[in-house]
Amino acid sequence: MENKPSRSALERFLSLFTEVRAGEGITVIMLTFNIFIILMAYYIAKVVREALILSEGSAELKSYLSAAMVLLLVGAVRLYAWLAGKYPRKRLINNVNIFFSVCLVAFYLLMQVGVPLSVVFFLWVGIFNVMVVAQFWSFANDIYTPENGKRLFALVAFGASSGAVAGSYLPIKFIPVFGVNQLLLLSGALLLFSLLLTNFVDAREKNRPTAPQAEIEKPVGKEGAFKLLFNNNYLLMIGILVLLLNWVNTTGEYILGRAVKETADHIAAAGSVADFSPKEFIGQFYANFYTAFNVAGLLTQLFLVSRILKYLGIRVAIMILPVIALGGYVLLALYPVLNIIRLAKIAENSTDYSLNNTVRHALFLPTSREEKYKAKQVTDSFFHRAGDVLSAALVFVGVNWFLFDTKSFALVNLALVSIWLFLAFRIGQTNKKLVQERQRTPAPVMV
């Protein structure tokens, strides 16, 4: 009888949270730390974004700018697909991350000399978020098989949840001492550091005896990103799912942002707090808000996600967030006050950034390498921001034509969630079928 290789102490420890087999420990912990750093960099930049756009603009402007972002993403996705067809994965990831790091330094320098950048920076952060994070998950999907990814993505996604907590907590301590703008330098440095981890994992995995060198070293293909997605019903359903998810979430963020802005303006007008700064109040509120839902998401990721995936599977897991969102918007429609809105959004966002985030990325495990890098950029960037466009349209029509209140926006979200829930059920069925087909014909990249 053949003896199985023994697990290291690290692998035995990680198995407390999910099943980690011999030889998997180093790579999975490096991937976990890598996405931790990336999400920390993003959330630091996101706090700066919220402080700038809400202090210099309004919650409505924040929604309307999301429409402009989707147009920018059409060009960005096409450019990324061209780069993916030109460069191997390591060089592709290095070039993209270095570009965004340089941009962060440039924004800091411009802000220091008083250039108004709230609108430009808001648009840039939206592109930075979806492209860099989607690229990381494409890399992780490229390394793991569907079976391995289902086990290990719960642990990798824990790095995302904990990075989001760290990135939203640091500004709470940082802003009173150094101010808002200086956070950009920290975000840029973290993004550069993540490249060290990416290159380590890339070198480790391509040197494995089972890794097909020719596949790893060559570009992923020259098919257009949008063509790949629209020619595949499974990928198209994922895109529409992401659109609905973000439409609902962004409308909820508008409701929260409007309530925060109104509260800040009321305090400032009342003059009841000496030396009150709306910009710092908003920054501190969002730092605390992000910390709260990210801590909840972190605990969910650590103790529940791997068990849900193991015992209930993707078919059930993908429907949990829309069920929670359904309950949250019912509550919000009945009690439209800031604290209730905050609690409903914490429940929705914490599940989205933990369980749903893991499941959404795992949906690409049974797809081809080209679909992982290109079609995933379309779903995670274009369709993600298309949801923002529809939310912006809803906000414009609701505010200017129908004078919607919070209850009205919540009722629209309830209708959207019903469609989202049905689509999630269909995707879960298709995913099971694709995984079974993949198991009958194993992919060449193995871990």
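Here are a few things to note about the model shown:
- Residue check, TYR290 modelled with pLDDT under 80, among the aromatic types (Phe, Trp, Tyr) and within 20 Å of LYS345 (Cα to Cα): yes
- Any hit, segment 84-107, residues being in a helix (DSSP H, G or I), hydrophobic (A, V, I, L, M, F, W, C) and modelled with pLDDT under 85: yes
- Of all residues in segment 418-432, those being touching a Phe, Trp or Tyr at 6+ places or on another chain (Cβ under 9 Å) and either closer than 17 Å to LEU256 by Cβ or exposed (fewer than 14 other Cβ atoms within 10 Å of the Cβ) (or both) number 0.
- Listed by first and then second residue, the pairs linking a residue in segment 118-138 that is over 26 Å from MET30 (Cβ atoms) to a residue that is in a helix (DSSP H, G or I) and of a type in the set (Val, Ile, Thr), with Cβ atoms under 6 Å apart and 6 or more places separating them unless they lie on different chains, are SER118/ILE53; PHE122/ILE53.
- Taken over segment 390-416, the criterion of being farther than 18 Å from VAL337 by Cα, surrounded by 14 or more Cβ atoms within 10 Å (Cβ to Cβ) and small (Gly, Ala, Ser) is satisfied by SER391, ALA392, ALA393, GLY398.
- Pairs are defined by a Cβ separation below 7 Å, a sequence spacing of at least 6 or placement on different chains, a first member in segment 180-206 that is free of Cβ contacts under 8 Å to residues at least 12 places away in the same chain, and a second member that is in a helix (DSSP H, G or I); the pairs so defined are LYS206/GLN213; LYS206/ILE216.
- Residue within segment 378-393 that is within 26 Å of VAL77 (Cα to Cα), in a helix (DSSP H, G or I) and free of Cβ contacts under 8 Å to residues at least 60 places away in the same chain present: no
- Residue match in segment 294-317 (condition: crowded, with 22+ Cβ neighbours inside 10 Å and of a type in the set (Ser, Thr, Tyr)): yes
- Hits in segment 308-336 - residues which are of a type in the set (Lys, Arg) and modelled with pLDDT under 85: LYS310
- Candidate set from segment 358-399 (those that are of a type in the set (Val, Ile, Thr) and over 14 Å from the mean Cα position of the chain (by Cα)); member that is modelled with the lowest pLDDT: VAL389
- Screening the candidates VAL242, VAL248 for the property of being surrounded by 20 or more Cβ atoms within 10 Å (Cβ to Cβ) and touching a Ser or Thr at 6+ places or on another chain (Cβ under 6 Å) yields one hit, VAL242.
- The helices (runs of 4 or more DSSP H) falling completely within segment 141-225 that include 1 or more residues that are modelled with pLDDT of 85 or more, touching a His at 6+ places or on another chain (Cβ under 8 Å) and not acidic (Asp, Glu) map to 146-178.
The values are calculated or read from the model by the stated rules, or taken from the named source; none is laboratory data. Just so we're clear, the structure is a prediction, and the values are computed from it rather than from any experiment. Cβ atoms come from the backbone with ideal geometry, glycine included; neighbour counts cover every protein chain shown.
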